[in-house]
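As structure tokens, the structure follows; a few thoughts come after it.
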Amino acid sequence: MRRRIGIIFDMDGVIYRGSEPVEGARELIYLLKEKGIPFIFLTNNSTKDPSMYREKLLSMGIDVPEEVIVTSGLATRLYMERHFEPGKVFVIGGEGLHREMERLGWEIVGIEEARKGAWGKVRYVVVGLDPNLTYEKLKYATLAIRNGATFIGTNPDTTYPAEEGLYPGAGSIIAALKASTERDPLIIGKPNEPAYEVARSKLDGVDEIWMVGDRLDTDIAFARRFGMKAVMVLTGVSTLKDVEETGIRPDLVLPSVKELLDYLETFMEEEE
């Protein structure tokens, strides 16, 4: 009997770099849709929400529904809905994270209100990658956390891959706040359980999950932690040297998702 597999793809550095798709990505997604193999995209990047990522993928010729796209911002909102009581929220993040926090329906304290002292009533400080980060945002987040607000980070990625190279990620901003508050945040995204809960619910009924990613410390560690097949591609952050130095071992290392296309076709033939 053929095993029913499901595949989780990271996005930045796996499906694309910046605004350019990785060679073979379109063809791979087409094959999965044609063969009825369930898949989702699971990104630690919270700067966009699923609708925004759908548009980005569509601009690259990859047509998928919003329902198969999970961001760390979405996972953060779902976690907060399940586990926390409503309260005022201060957000450091991009448009996608702000959209998710607005969907939460709890009051968001903006920078103008914070300047007037509203940081003292903030119950949750939610931090993701913020392309418009300012010292003032860090200041009010620090004040709120030191005043007792719960410190929540969308994801731990200290960098993310783009056209010019590696840019600072959410983890870099979180690190600054850890230093200024002396507090450890709750981290939602890969490699942690809240992200896995959302991903697993969307791949219900599969016998085996493959995690395809470019980062050892998030994607591959995530796969190892939750018993998934770990497939690492070399189009993003981590390198073969990193594998040797860290001891985090993928099950399979490929140059890119283009080679995964060939691997999958062989796998399906063997499963017939």
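The residue that is surrounded by the fewest Cβ atoms within 10 Å (Cβ to Cβ), counting only those in region 246-258 that are assigned to a helix (DSSP H, G or I) and not basic (Lys, Arg), is Thr246. All but one of (1) closer than 22 Å to Leu74 by Cβ; (2) in a strand (DSSP E or B) hold for Glu102; which doesn't? The single condition Glu102 does not satisfy is (2). Screening region 10-22 for residues that are surrounded by 14 or more Cβ atoms within 10 Å (Cβ to Cβ) and over 17 Å from Pro65 (Cβ atoms) and picking the one that is nearest to the chain's Cα centre (by Cα) gives Asp10. One residue alone among Glu55, Glu66, Glu100, Glu95 is surrounded by fewer than 19 Cβ atoms within 10 Å (Cβ to Cβ), at negative phi and not assigned by TED's automatic domain parsing to the domain that holds Asp12, and that residue is Glu95.
The values are calculated or read from the model by the stated rules, or taken from the named source; none is laboratory data. All values reported here derive from a predicted model rather than from experimental measurement. A quick note on method: Cβ atoms are made from the backbone with ideal geometry, for glycine too, and the neighbour counts reach across all protein chains shown.
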